[in-house]
Amino acid sequence: MAERDNRGGRGRREEQTPEFADRLVAINRVSKTVKGGKRFGFAALVVVGDQKGRVGFGKGKAKEVPEAIRKATESAKRNMIRVALKDARTLHHDMNGRHGAGRVVMRQAPAGTGIIAGGPMRAVFEMLGVQDVVSKSIGSQNPYNMIRATLNGLQKEQSPRAVAQRRGKKVADILPKRDTVDEQSDVAHNATEAEATVDA
């Protein structure tokens, strides 16, 4: 299951800050009406991740673009989630996500498929470290709604190990039969190769 990664606490030795990649998804000009007229500024939407299973997003507003991006990036780093990936490249299972009028569908994919997704969703997958996924956005195409819907779906993701622990079963009992057969075939193939090496 995806877990929110908000660590903190005083008196704790500071850990070395991991390296994060970031992606600017949207930058918009905004205005605020005040007594003397309107104040103009910029709003940035940024996705941040370590490309190893952690991702977050943030919004930032400021009078200048660089400051808005900086605020959005810092906000994203403070609101990250951890998602377990299958073979460090794809999702463990298909899932849906929803936020407001936005809805997304995400499906696991075989190696070599690549990232089939729209701009905002692609940014989330790339920063998360997903290499193969097929996804589709339905409804609102607002970048904010698309990202929130994507993260909503990813937070529902559960690895076979987590499901097995919760149900008190073995991982082999949770995996589809096809995956189990593939694993057994791989073991048999490796054993055959080992015997051939010994005979040689």
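Quick check on the range 37-54. Is at least one of its residues among the small types (Gly, Ala, Ser), under 22 Å from ARG148 (Cβ atoms), in contact (Cβ under 8 Å) with a residue 60 or more places away in the chain and in a strand (DSSP E or B)? Yes, some residue in the range 37-54 is among the small types (Gly, Ala, Ser), under 22 Å from ARG148 (Cβ atoms), in contact (Cβ under 8 Å) with a residue 60 or more places away in the chain and in a strand (DSSP E or B). When the residues of the range 65-84 are narrowed to those that are small (Gly, Ala, Ser) and surrounded by fewer than 21 Cβ atoms within 10 Å (Cβ to Cβ), which ends up modelled with the lowest pLDDT? Among residues in the range 65-84 that are small (Gly, Ala, Ser) and surrounded by fewer than 21 Cβ atoms within 10 Å (Cβ to Cβ), the one modelled with the lowest pLDDT is ALA84.
Residues in the range 93-103 that are within 23 Å of ASP50 (Cα to Cα) and crowded, with 19+ Cβ neighbours inside 10 Å: how many? Residues flagged as within 23 Å of ASP50 (Cα to Cα) and crowded, with 19+ Cβ neighbours inside 10 Å within the range 93-103 amount to 2. Pairing each residue of the range 62-73 that is over 16 Å from LYS32 (Cβ atoms) with any residue that is among the β-branched types (Val, Ile, Thr) and surrounded by 15 or more Cβ atoms within 10 Å (Cβ to Cβ), provided the two are 6+ apart or on different chains, yields C-beta distances under 7 Å for VAL65/ILE27; ILE69/VAL46; ALA72/VAL46; THR73/VAL46; THR73/VAL48.
Go through the range 58-81 residue by residue and tally those that are in contact with a Leu (Cβ under 7 Å, 6 or more places away or on another chain), part of a strand (DSSP E or B) and of a type in the set (A, V, I, L, M, F, W, C). Reasoning before the result, please.
Pass one, the range 58-81, residues in contact with a Leu (Cβ under 7 Å, 6 or more places away or on another chain): 59, 69, 72, 81.
This time we only want the ones that are part of a strand (DSSP E or B), so: 59, 81.
Retained after the next criterion (residues that are of a type in the set (A, V, I, L, M, F, W, C)): 81.
Total satisfying the criteria: 1.
Here ALA84 does not qualify as in contact with a Lys or Arg (Cβ under 9 Å, 6 or more places away or on another chain) and not in a loop (DSSP other than H, G, I, E, B).
The values are calculated or read from the model by the stated rules, or taken from the named source; none is laboratory data. Since we're looking at a predicted model, the values are computed, not measured. For neighbour counting, all protein chains shown are included, and Cβ atoms are generated from backbone atoms with ideal geometry for every residue, glycine included.
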